[in-house]
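Inspection log for the structure reproduced underneath, given as C-alpha cells.
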Amino acid sequence: MRIVIASDHAGFEYKNLVLAEIEKAGYPVKDLGTFDPSKADDYPDHAQAVAEIILSGRADRGVIICGSGIGVSVAANKFRGIRAGVCHDGYSAHQCVEHDDVNVLCIGQRVIGIELAKEVVGNFLGAVYSHEARHQRRLDKIKAIESRNMK
C-alpha cells in the first residue's frame, strides 16, 4: 500500500513524526509538504495535493494533518472518490476503513498527543475494508449521492 502525507504549518511537527513511523512500518510514503512551517500556507492546497495523488492512482491512502483535522477533511471531501475522515481515537481510525472505505485520514496536531496520533495512523493503515453487504450497500448509496451532487 502506497501512502501520501501532507500538512499545513499547524500540522508540520506531527507530519514529520508520523512520516517516520509510517516509514518504520515499511510503507512507501510520499511527503507533499509543507516543508517550511514559517512560510504562509493554506490547508486546502495540501488537501488537494493528497486527493489528486490518490485519485491519479499513485497512492492508495493519505494522511493529512492540520491544527484540528477539520479543515483538511472538509477540503479533501470535495473531491469525487475521496472519503476523508477525522479520527482522534484508535477505534474510529480502523472502523472508518473497515465500514466506510475511508482513504484519507485527517488528524489535528492541536487536538491529540503524538503517541495517540501514531496509534491512530497505525490503525488506519492496518485496516482493510470489510466488503460486508451492509457496508457495501451504504457505500454504494454514498457513491450515488456523490455522483448526483459532484458534477
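Worth pointing out:
- In the chain, the longest principal axis of the Cα atoms and the axis of helix 12-24 are about 70 degrees apart.
- Under 15 Å from the Cα of LYS143 - aspartates and glutamates, other chains or at least 8 residues apart: ASP100, ASP101
- Label assignment, mean projected area of the Cα convex hull in nm² derived from the structure, set (i) 8.8; (ii) 8.3; (iii) 19.9: (ii)
- Distance between modelled label sites at ASN149 and GLU23, nm, 7 Å Cα→Cβ extension: 3.9
- C-alpha center-to-center spacing [segment 54-125, segment 1-41] in angstrom: 13
- On full extension, the segment bounded by LEU55 and ILE114 gains 18.4 nm, given 0.36 nm per residue less the C-alpha separation.
- Cα-centred dipole magnitude for segment 3-149, charges only on beta-carbon of K, R (+1) and D, E (-1), debye, nearest 20: 560
- Relative contact order, percent, the chain [alpha-carbon distance under 8 Å, six or more residues apart]: 23
- Extension gain for ASN16-GLU132 works out to 38.2 nm (0.36 nm per residue, less the C-alpha to C-alpha distance).
- Loop-located trypsin sites (Lys or Arg not before Pro) across segment 108-142 with a Cβ neighbour count of 13 or fewer within 10 Å are ARG110, with loop assigned by DSSP.
- Backbone phi angles across segment 48-61, fed through the Karplus curve with coefficients 6.51, -1.76 and 1.60 (θ = phi - 60°), yield HN-Hα couplings of 4, 4, 5, 4, 5, 5, 5, 5, 7, x, 8, 8, 9, 9 Hz in residue order; Gly and Pro are listed as x.
- Mean ellipticity per residue at 222 nm, deg cm²/dmol - from DSSP H runs of n ≥ 4 across the chain, formula -39500 (n - 2.57): -15500 deg cm²/dmol
Any read-out appearing in this document is the output of simple, stated calculations on the displayed coordinates, not a laboratory observation. Fair warning: this is a prediction, and the values are worked out from it, not measured in the lab. Virtual Cβ from ideal backbone geometry, glycine too; neighbours counted across all protein chains shown.
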